[in-house]
Structures are given as structure tokens and as C-alpha cells.
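In what follows, a single structure is set out as C-alpha cells and then discussed.
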Amino acid sequence: MFTDAQDAPLGGPVGGRLGDGAVRTTCPYCGVGCGLLAERDGDNVRVAGDPAHPANRGRLCSKGSALGETTGLEGRLLYPEIGGKRVGWDEVLDTLARRFGETAAAHGPDSVAFYVSGQLLTEDYYVANKLIKGFLGTANIDTNSRLCMASSVAGHRRAFGNDIVPGVYGDLEEADLVVIVGSNLAWAHPILYQRLAAAKAAKPALRVVVVDPRRTATCEIADLHLALDPGTDVALFAGLLAHLEAAGARDRRYVERHTDGIEAALHTAQATVPDAAAAAKLCGVAEGGVAEFYDAFARTERVVTIFSQGVNQSSAGTDKVNAIVNCHLITGRIGRPGMGPFSVTGQPNAMGGREVGALANQLAAHMLFTPEEVDRVARFWRAPGIARRPGLKAVDLFRAVEAGAIKAIWIMATNPAVSLPDAEQVRRALAKCPFVAVSDCVRATDTTGFAHVRLPALAWGEKDGTVTNSERVISRQRAFLPAPGEARADWWIVAEAAKRLGFAPHFAFGGPADIFREHAALSAFENDGSRDFDLSGLAAISDAEYAGLAPVRWPCPSLGTGQERFFADGGYFTPDRRARFVPTPARAPAHPTAPDYPLRLNTGRVRDQWHTMTRTGLVPRLVEHQPATALEIHPADAQRCGVAKGGWARIESRWGAMTAEVRITPDVKPGDVFVPMHWSDQFAGNGAVNRVVNPETDAVSGQPELKHTPVRVLPWVPHWRAVLLTRRRASPDAEWWRTAPRNGYWQTELAARSAPGEGWAEIEALTGAQEPAAEFADAGRGDHRVVRLDASGRLASIVFFHADREPVALDADWLGEHFGAAALSAADCRNLLAGRPQSPRPAKGPIVCSCFAVGSDAILAAIAAGAASASAVGAATRAGTNCGSCRPEINALIGAPRQRSAA
Ligand code: SF4
């Protein structure tokens, strides 16, 4: 449900319309899976939301709207490399096949591994999984989706018998109560959030409850926020199960006809969390809030519980999923409009990875490693040497690499040196591994730095295939840009390697349509209806039909007949077709806090960045919203730890340490701290949070506990700091630094506790190729400023270095504008040393609206002038009138009535 354009802005090019030749494709970021129209316009790429796509109906968020700015070739890996040197495709593929073949022959099939990605298209995923499981004979393939939704997969399998999301996005709009658990939906799945916000605006009776330790932007539409302690969701939902039974909310007919195991689950819940009071105590929230939530859930028929990484990324992740599902099973609220448990995936094609079986514990087409299913897939693939048991899950896989059990690994489209927990362990493993191949579209990442072999892959806009979003809708991602350099499709690279390994007849794919047909045919092979994943209606589509394929939901037993919802009338995928209640005893996170590590570290996303920033980190307007990683800490904890706003903190755990700027906020609870997960060694020094995060995993799903690590926070006080504006990207080696692109230049900030003289030497090494065009030095204060020009008289760099603790007051935008000038005079250069124009310009404040670069100061001025709604602020400033991702922040600045927090 969408309301008018003002309430529901359409994402698209900032000004202008796309032509008739625009290609229909899909966003490569989050699991909402928005449809896009994209076209090339000279050197530019323009995008707009696809009004015909069911996920977004024309809307895009800030990241999707900026996709056209990510298609440049700067930093791309364009040619195959061995040992950092360019080679031809034949040489690199021969080398890769030889090393994998020799390793498997000498040490057995389990000595090789693939680590793949939810960024791959389904066709890429299918071919990689077929090669390693079917023909290399090992299931040592895992995907970074292990970090994303493995607990949901495991929870679905325990309850439903297979991995099904039973509902559709439209259920959020048809519900009367939406419970959002462990998800900052407004930032992580923005279009879904905007659909819900629009529905609530149109139907004020729709109640929203947010369950999250942090007060996030999502709370902007919440009627109630339960700021529970991290990791206590099982207790909250076990208590709800007990309450639903006590309140007479059991749907006896549904439970008796379609489920099994209610007594054991109820017994566990009643024994451990008998009521709201017990839940409140275990969860660290006020009893009144819990009681209100329980009452609302019990008396509302149309309830959707939507959940994401705050549920999944936990050592009790699978139990959390089942604790939620139990509450929907007991009330029979599943599979009907406006009700059901709803897992939203983080990645664009995490669902596609689940379909092809790219998780180490699955086979293909939602089949497992039972003898019967192994036999079935082996016959379909004609692969007698197929793997017959599960492989190693992500964390264990990299442990096996470090231990030497895995000696050759092929990493595709992901950056495990940044994204996996205990990242130092992953780096040690990659450094020790005898053979590391990495397929990527970006040349320099923290992971490609360990590669013996680099394989250039196509990027979004160049590649062609399908992805599946969180509501089981398969959409086409279409190419509209030529392949640059010698980059190739991931499926082609894997198939060529397979041919060289001796499996040519099984990998003779002519293109993605061939692969998709085989994938669909496998889903239908000997499928008598007992397997949920069924694409039989697509198994014989022609190349032309594949090319024009409109979004279609699975299962689709015939073309154009996707099934909407599951389980309203039972029909689960267990042997007796009944759902299973699962007892979920509440337990604490794996590593408790202790006197030396007294704070709980939570990690997550920021609004405008995606994963490890390899694309979004290159778009100035996306970086401006949050240009650096920052520690969020409650004022009381900040005081106790001795850290201050504008300063830095050292964050230490048993696994590692990092340094971050400090943001003091009451939005995190006392005892909790939060750090974003995006920053890598490419954008910050000592800024990668997963160096600190513990590697504990859920015993069932293998998903790491990324949301709970005991840490301590210490003040970090540098002896010098510097700001560099450079035409070219700088690569510092300081104790702390961060860099970000601006319009036509890079802004890099550094700080360290080394002697200022050493610091100045490092800055000179970075920028001192030319003689200064202007210079100011105050040795007594340790203040040193230098402007340099290039050979043609254009601005090359500006340096502000100082040993004071107070930052130099700079107008970086004003300084940066000089990079656009053809040549600077000596007077211009001297003026730049001041850091600010002689007549100060109005401050912008931190960027709120990245589409139109509107800062908080302009928004506050509009509010002071009488703008009382986000729409009125938009009319005055344009903020929030394109993609709408910033509207929660605009509302927060207006001071719209906040939800009540039970904390
Ligand atoms: S909501 Fe997700 S899929 Fe949609 S435009 Fe934003 S990042 Fe892309």
C-alpha cells in the first residue's frame, strides 16, 4: 500500500527521467530486492525505481538511488593476476585448476574449499555448488549468508520441515500489529520500512512494536519500544508463549490438526518464563511494557513478527527463531493475510544461495545430505563422486584453513577478512594458506591482499542472471553495461575451471539461461510435492522467456503461478506434514561480561553503507551521512570510561582491539555499546570492528554471535592529528586514520600517539612530492600547514597538521572547491592556509539527506521557521523528497512524539 507521492517518495535520478530504452533490473544490495530501471547516458548511469516491481513499486532508498554513481572503473580488477602480475585467462585458469586438482589428489577432497557470497547471482551460485559438491566431492563450500540468515534457515527447518518464509511483504500492510525484532528496518531494509510507515500513516490503528536493545531510526514509527538486553529474545518470546496459553489465545483447532510438540514447548516456557514479570526481569525491561506487548499480541489476530540479524546473529539464534515461530503456531496465525513470522534477509541473493544449497550443510534445491537426497542429486548431475556429508561452516572452515587441513580456498564476491568475527584469525588463516584464489570486481580489498590468484568478475550492471528476495520473488538482474577489461561472469569462471579439472561435459553452459533451466529442472526432479522448492514451471523456458522474465514467486509449478503464502491449512514439509513446536530454554549469550570486559558490544549497519563499502564507500554523498566508524556509548558509560564527544576510544576484547571516534547517545542502553560493521583497512586504520568480535556460533545454525561481545572501552588520546585533502587517494599507515571521497578529492584524517616529529615525517611522505606553494609553521604549537600544487598549477594537496588536542576549525567544503579550479595563484594558496574563507559561510551540519546534501542545520532552520512535518521540511529544503530514507531523522529533528521505551 502506498499513499501519494509526497508521503511515499520515489527513488530515482535527482532530476530528469529515464528514456524508453532503460533496462529492468534489480538492486544488488539488501534482501528487499527492489526493481530498478537503469540506463547508460554517455559516461553516466541513471537509475530509477521500477514502478512495476512488486517489492518496491517505484521506490528506492538512498543506496539504491546512488547505484549509478558506483559503476565507474576506479579501483576495479580488470585483468586476471597471478602474484599481483597481469596474466591471461588461460594461464590463471590452468593454474587454479592445477592447484585445486593437485591439492585434492594429494590430501583428499576435503583439503579444498569455496567461500562464496549472497552477492552472487543464482546462476553463479548454482555452478559453484555443483562443481565442489558434485565433482570435487566435498561440501566445503559455505557462503557469507552464514553470517546473515543461517539461524532462520535452521529455525524454519526445525518448525516447518524446510526453509520457507511463509508470508509476503504485503502482510506488513494487512497486519494490525507488526512486531519488529532485532532489526533496524529503517536503515537495513529501507523500502520495507517505508511500506510499513505508509501503511501506518493510512491506518493509524496499525500498532508497531520494536524489540531492540537500541533506540534506532525504526523506533520513529513504534508505538512501543522494548529495549531488552542483548540476547534475551528467547526469554521474551518464551514468556509470550506462556502468556498466550494462559490468556486462552491457543487456536485449538489449528494446533491439533497441523502441529506437534506443543506440550513440551509450553512446559519449557512455563517453567522458565511463566509470565510478563519473569520475562521483564530476564530481559532487563519494564514489566509494564512487556505486559502491554503480550496483551496486544494475544488479542490481535493479524500479527506479523518480522525479524533479522538481531535474532539470527546469536549463539541462540535458532532458538530465537523458533521461540517466535512457536507464538504464531499456537495462535494459528500463519499463512493468512496480515499474519506470520517473517525473516528478512540481509543480502540481495541470500535466498538464492539457500535455493541452490550453497550452505555447507545443504545439498541443492532445498535438499539435504540424506542418503536418498544425495542419491537423487547424484543421478541428476550424473556425479557419482558427489559429497555425501555436510562440509564445514564459515567459522570452522577458516579455522581449518589456519590449522592446515584446508590447503586451497577459492573466495568469490566476499571479503571475509573484514566480515567474519575474530577477523585476525581469518587473516592468519589466509596468510598461511598455500593457495588462495579470489574472484572479485574490486582489486584492493582486505581479502584480495592475501590472494595468490585474482580473477576479475563482472559487477552489477554488467552481469546477467537472477536473484531471489526475502518474499521468495525471483527477479532478473540484467546487464546494461559492457564487460570492462577482461572481467567475466562468475559462472563462466567457475565453469572454465571445471572444464580444466576434467568435468567439461557437465559444465557446458551456453549462458545463464541454460544454468537457470537446469536449476529449475533439479527443483522439479522426482518432486512429488513433498519438497517446497519447486520451479518446474520455469524448467523449460526459452532463452527469450528467460530474457524477459518478470518477477515471479516460488514455488511456481507452472509459468506465472507463484504461490503467495504457506501453511494456512497446514501442509508442512515434515514427514507427517505437521509443524513442530520447539522447546526454547532461555540462556545467556556465550561470553558473559566480566569485570575486565564489562560492556556488551553490538554491531550493525549504518544507513548509507553496504557491507565492506567497496562500492558505497566510493560515493561522496553516501559517505557524508556517516564518514567514519564511531562508537555509540551511553552518557553514563562514557563518563565512567573517561571518553568524550569528539575524542576517540580504544575498544578491546579478548579477541582484538580497534579505535573509533566517540558518539555519546542515550539511544544505547547503559552497559551496551554499538559499532558499525562496514569499515575495513581500505577506509580506516584500526577501524574494523570484527577484529574485536568473538567467534562463538549457534550450535544448530553455525551463525556467529556478532551482536554480543564483552569489551572494555578506554580513552585514546593522540599526540598529534592531521587533516589531508588530496586529489588522489592517500594510503596512510598511522595508528588511526580514515579516508573518504569528496567531490573531486579525498579527505583523510589521521591521528597517532607517536612523537609529532614522526607524524610530520609520515605526512610529508604522503604528500611531499612537490615543493610547497604556501606554508605556515608554528613550531611552538606544533601547527604546520602546507598547500601544494601539481605541475600544471592545480591544487594537489592541503595539509593541516597540529600537535594540539583541539581540531583545527576547517571549512572542508570551501577548501575542496579549490580542487576544481584550473590553477591557483600564490595569494589563493596563502588564503587556503587559513582553512576557512574570510567571510564564514553558514554551517551545513552533519548531512541528513544524502540525495540533496542537506545538513541538519538547514533542516533545523526550516523547523525554526515553522516547518512542522517531514513534508513541510521537504518543501523548504528538498530533504527527504527523493528516496525518503532520511525521513525518520527529519522527524526526530522535528521532535515528533516518540514511542514509549520500556527499558
Ligand atoms: S531497500 Fe534494499 S533493495 Fe531496495 S533500493 Fe534500498 S538497498 Fe536496494
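The values are calculated or read from the model by the stated rules, or taken from the named source; none is laboratory data. What you see is a predicted model; the values in this text were computed from it and never measured. Please note: Cβ atoms are built from the backbone with ideal geometry, for glycine as well, and neighbour counts cover all protein chains shown. Quick note on the areas: whole protein, heavy atoms, side chains included, nothing else; ligands and nucleic acids left out. Shrake-Rupley method; radii C 1.70, N 1.55, O 1.52, S 1.80 Å.
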Check your understanding: Cα centroid distance between segment 50-81 and segment 437-451, in Å?
Key -> 21 Å
Check your understanding: At Glu424 and Thr665, where each label point lies 7 Å from the Cα along Cα→Cβ, what is the point-to-point distance in nanometres?
Key -> 2.8 nm
Point to revise | Convex hull volume per residue for segment 343-427, taking Cα atoms only, in Å³ | key: 127 Å³
**Study point:** Residues in segment 57-84 that a label on Asp813 would reach, taking backbone N under 17 Å of a point 7 Å out along Cα→Cβ
**Key:** none
Point to revise | Under-5 Å amide H pairs with Leu226, H placed in peptide plane, nonlocal only | key: Val210, Val211, Asp212, Ala902
Revision key, fill the gap. For segment 667-674, Karplus-derived ³J(HN,Hα) couplings (6.51, -1.76, 1.60; θ = phi - 60°; whole Hz; x for glycine and proline) come out as 6, 9, 6, x, x, 10, 9, 10
Review point. Where does each of 209-219, 785-795, 500-510 land if you order them by average Cβ count within 10 Å, highest first?
Key: 209-219, 785-795, 500-510
Check your understanding: Whose amide H sits under 5 Å from the amide H of Leu77, counting only residues 5 or more places off or on another chain, with H placed in the peptide plane?
Key -> Val442, Arg443
Exercise for review: Post the alpha-carbon centroid distance, segment 702-754 to segment 487-506, in whole angstrom.
Suggested key: 40 Å
Study note, to complete from the structure: With segment 158-277 reduced to its Cα atoms and the Debye formula applied, log10 I(q)/I(0) at q = 0.10, 0.19, 0.20, 0.22 1/Å amounts to -0.39, -1.21, -1.26, -1.29
Review point. On average, how much accessible surface per residue is there in the chain, in Å², for a 1.4 Å probe, leaving out ligands, DNA and RNA?
Key: 34 Å²
Review point. What Kirkwood hydrodynamic radius, in Å, does segment 767-903 give when the mean of 1/r is taken over all pairs of distinct Cα atoms and then inverted?
Key: 17.8 Å
**Study point:** Expected 222 nm ellipticity per residue - DSSP helices of 4 or more, -39500 (n - 2.57), all of the chain, to 500
**Key:** -8500 deg cm²/dmol
**Study point:** Residues of type lysines that Lys281 reaches as a straight line, Cα spacing below 23 Å, ignoring anything fewer than 8 places off in the same chain
**Key:** Lys320, Lys669, Lys707
Practice item. Could you tell me the distance between the Cα centroids of segment 538-613 and segment 327-401, to the nearest Å? Key: 10 Å
Practice item. Could you work out the relative contact order of segment 593-670, using alpha carbon pairs under 8 angstrom and six or more residues apart, expressed as a whole percent? Key: 27 percent
Study note, to complete from the structure: Karplus ³J(HN,Hα) for segment 477-485 (6.51 cos²θ - 1.76 cosθ + 1.60, θ = phi - 60°; Hz, whole; x = Gly/Pro) runs 9, 10, 7, 9, 10, x, 5, x, x
Point to revise | Estimated FRET transfer efficiency (Arg379, Ala550; beta-carbon r; R0 30 Å; 0.05) | key: 0.40
Check your understanding: How big is the shadow of the Cα convex hull of the chain, averaged over all directions, in nm²?
Key -> 35.6 nm²
Revision key, fill the gap. Output row, site Arg753, 7 Å Cα→C-beta label point, backbone N cut-off 14 Å, window segment 688-718, residues 713-718
Practice item. Could you pull the Rg and Dmax for segment 76-153, using just the Cα atoms, both in Å? Key: 14.6, 42
Practice item. Can you tell me which of 856-863, 393-400 comes out highest on packing, and rank the rest after it, using the mean Cβ neighbours within 10 Å? Key: 393-400, 856-863
Exercise for review: For Gln347, list long-range residues whose amide hydrogen, built 1.01 Å from N in the peptide plane, is under 5 Å from its own amide hydrogen.
Suggested key: Gly31
Practice item. Please list, or write none, the aspartates and glutamates whose alpha carbon is within less than 13 Å of the alpha carbon of Lys432, excluding same-chain residues fewer than 8 places away. Key: Glu402, Glu424
Exercise for review: Which order do the peptides 72-78, 586-592 take when ranked by the mean count of other beta-carbon atoms within 10 Å per residue, highest first?
Suggested key: 586-592, 72-78
Revision key, fill the gap. Full extension between Asp528 and Arg729 adds, at 0.36 nm per residue less the Cα distance, a length in nm of 66.6 nm
Practice item. Tabulate in residue order the Karplus-calculated ³J(HN,Hα) for segment 282-291, using 6.51 cos²θ - 1.76 cosθ + 1.60 with θ = phi - 60°, rounded to whole Hz; enter x for Gly and Pro. Key: 5, 8, x, 10, 5, 4, x, x, 5, 4
Practice item. Over segment 499-563, with every protein chain in place, what whole percent of the accessible area is carbon and sulfur at 1.4 Å, could you tell me? Key: 56 percent
Check your understanding: segment 685-783: percent of C-alpha pairs farther apart than 18 Å?
Key -> 61 percent
Check your understanding: Classify segment 466-583: rounded, prolate or oblate, from the alpha-carbon gyration tensor (a ≥ b ≥ c, eigenvalue square roots; a/c under 1.5 rounded; otherwise prolate if a/b is larger than b/c)?
Key -> prolate
Practice item. Take the Cβ-Cβ distance between Ala636 and Arg781 as r, set R0 to 35 Å, and report the resulting FRET efficiency rounded to the nearest 0.05. Key: 0.50
Exercise for review: Take every Cα-Cα distance within segment 55-95, group them into 5 Å bins from 0 onward, and report for each bin the whole-number percent of pairs it holds.
Suggested key: 5, 17, 16, 12, 10, 9, 11, 9, 9, 1
